[in-house]
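Asks: Structure incoming, see below.
The values are calculated or read from the model by the stated rules, or taken from the named source; none is laboratory data. All values reported here derive from a predicted model rather than from experimental measurement. Cβ placement follows ideal geometry from the backbone for every residue including glycine, while neighbour counts extend to all protein chains displayed. Areas reflect the complete protein model, heavy atoms only, side chains present, ligands, DNA and RNA absent. Shrake-Rupley method; radii C 1.70, N 1.55, O 1.52, S 1.80 Å.
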Amino acid sequence: KEQLSFTYTAPDTTLAMPGQQDLFIASTCNHFKGQDAEVTVVLSNNPAWTVEDGVVYFYVTDGQDKASLNDSKKVLCSNNEDGEAPTARCTVPNFCGTELYVYTRAGDVYGIAYSVTVEFHQPCNSSKVIKEKRKKINTMHFPIHVKDECVHHLIQSVSLRAPLELLSMTSALMTIPFCPNAEQENLLSLDTSVLSLSGLSAYTQYACFDTPCQVDSRNVIASNPEMRPLNSLRLESMCDKHDSITVLVHCWGGEQDHKNGDYVGKFHFAAGVNMKSPTRAVAKNPMF
């Protein structure tokens, strides 16, 4: 898990009216307990975060009260602190909740377009980090009340932090935790991709809900057995009753190591949950 980067993103860009209040929810099922959560808001039309050009104020909690936010003491981090200009991100150290809530309030400007991202990562070495006293949250925009139509569920993606290497004719197992969400039930698919960095290696993929995950195993629920430098796989039904999936990646070929004669493949791996679309490629069914 330490080699993977886990990110939650909004499925769409939000185009807000002045003062509009929204809520973005990242369901984690405690997969990232103790990790730092970095929350980022990207302003499509105002990358410099100039207040006069329209900004978004946001407040992060652990989801105690979905309908509204009234108490600044519940805020774990915010981009709106007393005496400070609003910024693009804030970090929640040692997050321990099952859901992370990002409340947003658009500034008093028309045409504010923005997207929300939450990334979980291992905390820095605590012995080297100097803890700063937490600054007071600016409550000028409180309370925040969110209408049902302004509640958005973030969707998850995962990628390698750095490329991996495999000897030719060997395999790696990628275990991907995810969190089923009742609001998106039966609306999601999962795409996984393996990309050769040199083009001299090819890969196959086999996905399992249960272990052991092996080629020709009854645990394989979907596969792409075509040896390709870019191998992609789609699972049409995945999230409803499972909270993790294991993908076996098998390597063929690669660049030759002149020291010992071995062939080594170097690749990137990524997976993402997506809303189902009317047109989609279908993965090959497994043998069993």
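Asks: Given the condition at pLDDT 85 or above, within 24 Å of residue 52 (Cβ to Cβ) and open to solvent by 10 Å² or more (accessible area, probe 1.4 Å), answer yes or no: does some residue in the range 118-136 qualify?
Replies: no
Asks: Determine which single condition residue 187 fails, assuming it passes every other condition in (1) open to solvent by 20 Å² or more (accessible area, probe 1.4 Å); (2) under 30 Å from residue 39 (Cα atoms); (3) modelled with pLDDT of 90 or more.
Replies: Only one criterion in (1) open to solvent by 20 Å² or more (accessible area, probe 1.4 Å); (2) under 30 Å from residue 39 (Cα atoms); (3) modelled with pLDDT of 90 or more is unmet by residue 187, namely (3).
Asks: Output yes when any residue across the range 197-208 is open to solvent by 60 Å² or more (accessible area, probe 1.4 Å), over 19 Å from residue 176 (Cβ atoms), assigned to a loop (DSSP other than H, G, I, E, B) and not hydroxyl-bearing (Ser, Thr, Tyr), and no when none is.
Replies: Checked against the condition, which is being open to solvent by 60 Å² or more (accessible area, probe 1.4 Å), over 19 Å from residue 176 (Cβ atoms), assigned to a loop (DSSP other than H, G, I, E, B) and not hydroxyl-bearing (Ser, Thr, Tyr), the range 197-208 yields at least one hit.
Asks: Does at least one position in the range 144-163 carry a residue that is open to solvent by 70 Å² or more (accessible area, probe 1.4 Å), within 30 Å of residue 255 (Cα to Cα) and either at pLDDT 90 or above or out of contact with any helix residue (DSSP H, G or I) (no Cβ under 7 Å at 6 or more places or on another chain) (or both)?
Replies: The answer is yes, given that some residue of the range 144-163 is open to solvent by 70 Å² or more (accessible area, probe 1.4 Å), within 30 Å of residue 255 (Cα to Cα) and either at pLDDT 90 or above or out of contact with any helix residue (DSSP H, G or I) (no Cβ under 7 Å at 6 or more places or on another chain) (or both).
Table: residues versus (1) of a type in the set (Phe, Trp, Tyr); (2) modelled with pLDDT under 90.
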{"position": "204", "(1), (2)": "no, no"}
{"position": "214", "(1), (2)": "no, no"}
{"position": "224", "(1), (2)": "no, no"}
{"position": "235", "(1), (2)": "no, yes"}
{"position": "269", "(1), (2)": "yes, no"}
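Asks: Pull out all pairs, ordered by first then second residue, where Cβ-Cβ is under 6 Å, the residues are six or more apart or on different chains, the first lies in the range 25-47 and is farther than 25 Å from residue 13 by Cα, and the second is part of a strand (DSSP E or B).
Replies: Close Cβ pairs (under 6 Å, with a partner that is part of a strand (DSSP E or B)) amount to 31/177; 32/120; 34/94; 35/120.
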